[in-house]
Each structure stands twice: as structure tokens, then as C-alpha cells.
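Data block below; observations after.
The values are calculated or read from the model by the stated rules, or taken from the named source; none is laboratory data. Treat the numbers as computed from the prediction; the structure is a model and nothing was measured. Here Cβ is always computed from backbone atoms with ideal geometry, including for glycine, and neighbour counts include all displayed protein chains.
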Amino acid sequence: MKTAPCPTCPWRKTSTVGGADIPNFDIDLMRGLSNTVGRGDAFRPIMACHGSARGAEEPCIGYVAVEGWSNLSVRMAAIHGRVDIKAIDETCADLELWPSFAEMLEAYEWAAEAGAT
């Protein structure tokens, strides 16, 4: 079970903003992930790791560390042993991660627009 974000995880501020180091990165797909976050506790889809295989998606560890706490689906995954929130929190404590999906998306959109001009 993974407890650290991938080296190219978009949640890492050390990853290339704009997705240049993520194979097949698509800003529109990233925008579509806004349904994985929201105000307050709720059941939402869990953001998948960009490195997981289609059909065998695994949770994005950066997402779980930053936004997963309010997603009841993440909490259920933890209860069933599919996510170790405590280990993820401990592993990610010293990593520089985007503080929210909105801030990460804004940076990636800015980079996408800058690259398109």
C-alpha cells in the first residue's frame, strides 16, 4: 500500500506545473476532478493516481493527504484497509504539497495558458 505521492504527483509543488512530466497530461481531465473535492464532509469520487492503470485505479496519495479528510469515500476506504491515512499523513508531513485542489488547478491552468500563447 502506497503512503507517499509519486515523484511526479501534481500535488507536489516540486512536480512540473503544467503537467510536462506526467504522461498524457490533459488540463481538461484535471478540471474534471473538481468533483473529488468540496466543502464539508460528503461521499465523493476518490481522485486516482495518475500512475495507476485504467480499471485498477489507486488513490492519489497527494490528494488523500490534502483533500481526502473531507471525503467520506476515503474514510470508508481507510476503514476497509485500502488506504492508511495515518501513514500517509506521517509520510507527507514534510512534503511541500499544494494546500488545496483549487490552488493546484489554478497553477496548472496558468501554466497551460502560458504554454498555449
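Test G55 against the stated conditions and say whether it is more than 13 Å from the chain's Cα centre (by Cα) and not β-branched (V, I, T). Answer is yes for this residue. The set of residues in segment 1-16 that are closer than 16 Å to V66 by Cβ and part of a loop (DSSP other than H, G, I, E, B) comprises K2, T3, A4, P5, C6, C9, P10, W11, K13, T14, S15.
The test for being buried (at least 18 other Cβ atoms within 10 Å of the Cβ) and either in contact (Cβ under 8 Å) with a residue 12 or more places away in the chain or not β-branched (V, I, T) (or both) does not hold for P23. Looking only at segment 80-99, residues that are β-branched (V, I, T) and part of a loop (DSSP other than H, G, I, E, B) come to 1 in all.
For segment 40-56, the criterion of being within 21 Å of T91 (Cα to Cα), free of Cβ contacts under 8 Å to residues at least 12 places away in the same chain and surrounded by 14 or more Cβ atoms within 10 Å (Cβ to Cβ) is met by at least one residue. Per the conditions (1) closer than 25 Å to A112 by Cα; (2) surrounded by 12 or more Cβ atoms within 10 Å (Cβ to Cβ); (3) at pLDDT 95 or above, the sole criterion not satisfied by S15 is (3). Per the listing D84, D94, the residue uniquely of a type in the set (D, E) and surrounded by 14 or more Cβ atoms within 10 Å (Cβ to Cβ) is D84. A53 fulfils the conditions (1) farther than 18 Å from T14 by Cα; (2) of a type in the set (A, V, I, L, M); (3) modelled with pLDDT of 95 or more except for a single criterion, (3).
One residue stands out among those in segment 97-117 that are among the hydrophobic types (A, V, I, L, M, F, W, C) and surrounded by 16 or more Cβ atoms within 10 Å (Cβ to Cβ): the one that is nearest to T16 (Cα to Cα), which is A111.
Among the residues of segment 27-34, is there at least one that is assigned to a loop (DSSP other than H, G, I, E, B), surrounded by 14 or more Cβ atoms within 10 Å (Cβ to Cβ) and over 12 Å from the mean Cα position of the chain (by Cα)? No, that holds for no residue.
When the residues of segment 47-79 are filtered to those that are touching an Asp or Glu at 6+ places or on another chain (Cβ under 9 Å) and part of a loop (DSSP other than H, G, I, E, B), the one that is nearest to G32 (Cα to Cα) is M47.
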